[in-house]
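Just so it is clear, none of the values below were taken in a lab; they were calculated from the coordinates. Quantities reported herein were computed from a predicted structural model and do not represent experimental measurements. Every residue, glycine as well, gets a Cβ built from its backbone with ideal geometry; the counts of neighbours run over all protein chains shown.
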Amino acid sequence: MALKFRGVDFIEFDSLLSEDELLVRDNTRKWVEENVIPIIEQCNRDGRFPRELVGPMAELGFFGANLKGYGCAEMSNVEYGLVMQELERGDSGLRSFVSVQSALCMYPIYAFGSDEQKNAWLPAMQKGEKLGCFGLTEPGFGSNPGGMRTRAKKSGKEYVLNGEKMWITSGTIADVAIIWAKVEDEDDKIRGFLVETDRPGFKADDIHGKWSLRASVTSGLSLQDVHVPESNLLPKSGGLKSPLMCLNQARYGIAWGAVGAAMACYDCALQYSLLRKQFRDQPIASHQLVQEKLAWMISEITKAQLLILQVGRLKDAGKVEHQHISMGKRNNVWMALECARMSRDILGANGVADDYPIMRHLMNLESVKTYEGTHDIHTLIIGASVTGVEAF
Ligand SMILES: Cc1cc2nc3c(=O)[nH]c(=O)nc-3n(C[C@H](O)[C@H](O)[C@H](O)COP(=O)(O)OP(=O)(O)OC[C@H]3O[C@@H](n4cnc5c(N)ncnc54)[C@H](O)[C@@H]3O)c2cc1C
């Protein structure tokens, strides 16, 4: 049963968007419909990242879309968010790839890099000719990255890096890794390094057996006496604040993306409920308990749309705070996961099969709930913001 996505707009949300924003949203939606939807279930089954989509996504300006110059599309933050929404309506893994390339790799080069580093990497990354990964998490340090063990030691005009990174998106397909390490000669201050992945001592291996984000590459990185020239240090990076600034960019995109995944599940469940008949030859949509689920979902999706649009407007006005983004990420991913579970329920047995996108979204969203600050870590960030007391 082929169900075509029809968009989700209960309260004329579109009237809050400009013509340019609607154009970006609709173009991305069409591209996802034509290029992602037809292949994504098979990619998910095979555990394959659809690398053939990198070039087309670059041409559409998805990489570094909200950065200025270097060939980037110079979209507003709301336009960029709408792109993320549509990509994740396709698949969270594909959106993760774009988030990592843009917010976690191009952004730190843009924000903390030298002119030489920016010119060397940003145009090539925008074109998708060079891919990046972001190495912060370690086997022993996830929610608390400040405890990291990876070290950089100055040796003449070079730095020597040693350490392990874990759960790194795009690790084995990246040309460059942004590695966060404590610099021994600087009181263990955390700084970012550009590490070309073909340097001796750098190794990346894929993590197999994931039941989530199967269309995205996730890897472990090992650095054993990796020598990089001192010009590979991101000069303006300094302290844990630097990687957290990158995470803020990515979390913003995730908060939009989650709305896309929720829309996909809700729209599929709604259409299915009108077609599927049980008891007295009536569609299951006629049962009150099914309607309760649909009403819950459309209410929560609508609230999530409004929340992230306001956060995006604040970001475009230069007024956004990290706790605003935490609220968007925490609420919208939770909402999307609940929608995926309810939609799965509405589809009954069909909900567990990949003839429909719901179980894939559900499994993907379990990772999205955990990465970029877990749901509970964002609870603590919001708690610290309103009370002034840190409870980590
Ligand atoms: C598919 C995937 C892709 C990823 N991609 C990347 C990437 O590209 N780069 C990267 O650097 N990382 C990446 N990550 C790692 C991700 O950011 C971490 O998994 C995340 O930060 C959580 O860390 P952890 O898994 O070690 O869990 P832990 O930190 O061990 O947390 C486990 C549980 O304990 C809870 N907890 C921890 N501390 C507290 C506290 N103080 N109070 C209350 N509860 C607490 C957490 O909320 C969670 O429920 C990825 C992860 C996944 C699954």
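Out of residues 5 or more away from Met75 or on other chains, whose amide H comes under 5 Å of its own, with H placed 1.01 Å from N in the peptide plane?
Long-range HN contacts for Met75: Asn66, Leu67.
Can you work out ³J(HN,Hα) from phi for every residue in the stretch 301-318, in order, using Karplus 6.51 cos²θ - 1.76 cosθ + 1.60 and θ = phi - 60°, giving whole Hz and x for Gly and Pro?
Karplus values, whole Hz, x for Gly and Pro: 4, 5, 5, 5, 4, 5, 4, 6, 5, 5, 4, x, 5, 5, 5, 5, 8, x.
Just tell me which lysines come within less than 20 Å, Cα to Cα, of Lys277; anything on the same chain fewer than 8 places away is out.
Straight-distance partners of Lys277: Lys4, Lys293.
Go through the stretch 233-294 and name the chymotrypsin sites (Phe, Trp or Tyr not before Pro) that are in a DSSP coil and have 10 or fewer other Cβ atoms within 10 Å of their Cβ. Present the calculation step by step, with values, prior to reporting the outcome.
On the way: sites: Tyr252, Trp256, Tyr266, Tyr272, Phe279; in loops: Phe279.
Qualifying residues, ordered by number: Phe279.
For the stretch 291-332, which GluC sites (Glu not before Pro) are in a loop by DSSP, counting at most 16 other Cβ atoms within 10 Å? Walk me through the intermediate numbers first.
Details: sites: Glu292, Glu300, Glu321; in loops: Glu321.
Passing sites in the stretch 291-332 are Glu321.
Give, rounded to the nearest 20 debye, the magnitude of the charge dipole that the chain has about its Cα centre when Lys and Arg contribute +1 at Cβ and Asp and Glu contribute -1 at Cβ.
Values: 44 positive and 50 negative charges, 107 e Å.
The dipole of the chain has a size of about 520 debye.
What do you get for Rg/Rh over the chain if you use C-alpha atoms and the Kirkwood form of Rh? Before the final figure, lay out the partial values.
Numbers: Rg = 21.2 Å, Rh = 21.5 Å.
That ratio equals 0.99.
Under a crude label model (7 Å from the Cα following the beta-carbon direction), how far is Ile11 from Leu289 in nanometres?
3.0
Which FRET efficiency value, to the nearest 0.05, do you get for Ser385 and Ser299 by plugging their Cβ-Cβ distance into 1/(1 + (r/R0)^6) with R0 = 41 Å? Working shown, then result.
On the way: r = 25 Å, r/R0 = 0.62.
With a Förster radius of 41 Å, E is 0.95.
Determine the shape class of the stretch 255-324: with a ≥ b ≥ c the square roots of the Cα gyration tensor eigenvalues, call it rounded for a/c under 1.5, and otherwise prolate if a/b is greater than b/c, oblate otherwise. All intermediate terms of the calculation are to be shown ahead of the outcome.
Numbers: a/c = 5.28, a/b = 3.52, b/c = 1.50.
Verdict is prolate for the stretch 255-324.
Which of the pairs Lys118/Lys165; Lys130/Lys210; Lys154/Lys315; Lys182/Lys210; Lys118/Lys241 have their Cα atoms more than 28 Å apart in this structure?
Exceeds cut-off: Lys154/Lys315; Lys182/Lys210.
Of all GluC sites (Glu not before Pro) in the stretch 141-193, which ones are in loop regions per DSSP and have a Cβ with at most 15 other Cβ atoms within 10 Å?
Nothing satisfies the criteria.
Amide H of Phe5: which non-local residues (sequence gap of 5 or more, or other chain) have their own amide H closer than 5 Å, using H built in the peptide plane?
Amide H neighbours of Phe5: none.
Only helical DSSP H runs with n ≥ 4 go in: add -39500 (n - 2.57) per run for the chain, normalise by residue count and round the 222 nm mean residue ellipticity to 500 deg cm²/dmol.
On the way: 12 runs with 188 residues, N = 392.
It lands at -16000 deg cm²/dmol.
Mind checking which of Thr197, Gln101, Gly64 is farthest towards the positive end of the stretch 63-212's charge dipole, using Cβ charges of +1 (Lys, Arg) and -1 (Asp, Glu) about the Cα centre?
Value: Thr197.
Which one of Val24, Leu3, Phe13 is farthest out on the positive end of the charge dipole of the stretch 1-94, using unit charges on Cβ (Lys, Arg +1; Asp, Glu -1) and the Cα centre as origin?
Value computed over the given set: Leu3.
Run the simple label-point estimate for Lys277 and Glu59 please: 7 Å along Cα→C-beta, distance reported in nm.
Taking the simple label geometry, Lys277 and Glu59 are separated by 4.6 nm.
Once the Cα gyration tensor of the stretch 282-392 is diagonalised, what are the square roots of 5 times its eigenvalues, in whole Å and ordered largest first, as equivalent ellipsoid semi-axes? All intermediate terms of the calculation are to be shown ahead of the outcome.
Values: eigenvalues 197, 51, 32 Å².
Semi-axes, largest first: 31, 16, 13 Å.
Pairing the Cα long axis of helix 19-35 with the longest principal axis of the chain, what angle in degrees results, from 0 to 90 and rounded to the nearest 10?
80
Which value, in Å³ per residue, describes the convex hull spanned by the Cα atoms of the stretch 48-91?
On the way: hull volume 2.9 nm³, N = 44.
Each residue corresponds to 66 Å³ of Cα convex hull volume.
Using only alpha carbon positions, build the gyration tensor of the stretch 328-392, then give the equivalent ellipsoid semi-axes as the square roots of 5 times its eigenvalues, largest first, whole angstrom.
31, 10, 7
Report Rg(Cα)/(2.2 N^0.38 Å) for the stretch 143-286, keeping two decimals.
Working: Rg = 22.2 Å, N = 144, 2.2 N^0.38 = 14.5 Å.
Computed over Cα atoms of the stretch 143-286, the ratio equals 1.53.
To one decimal place, what Kirkwood hydrodynamic radius in Å is obtained for the stretch 1-109 from all pairs of distinct Cα atoms? Numbers along the way, then the final one.
On the way: mean 1/r = 0.0680 Å⁻¹.
Result for the stretch 1-109 stands at 14.7 Å.
Under a crude label model (7 Å from the Cα following the beta-carbon direction), how far is Asp46 from Ser155 in nanometres?
4.2
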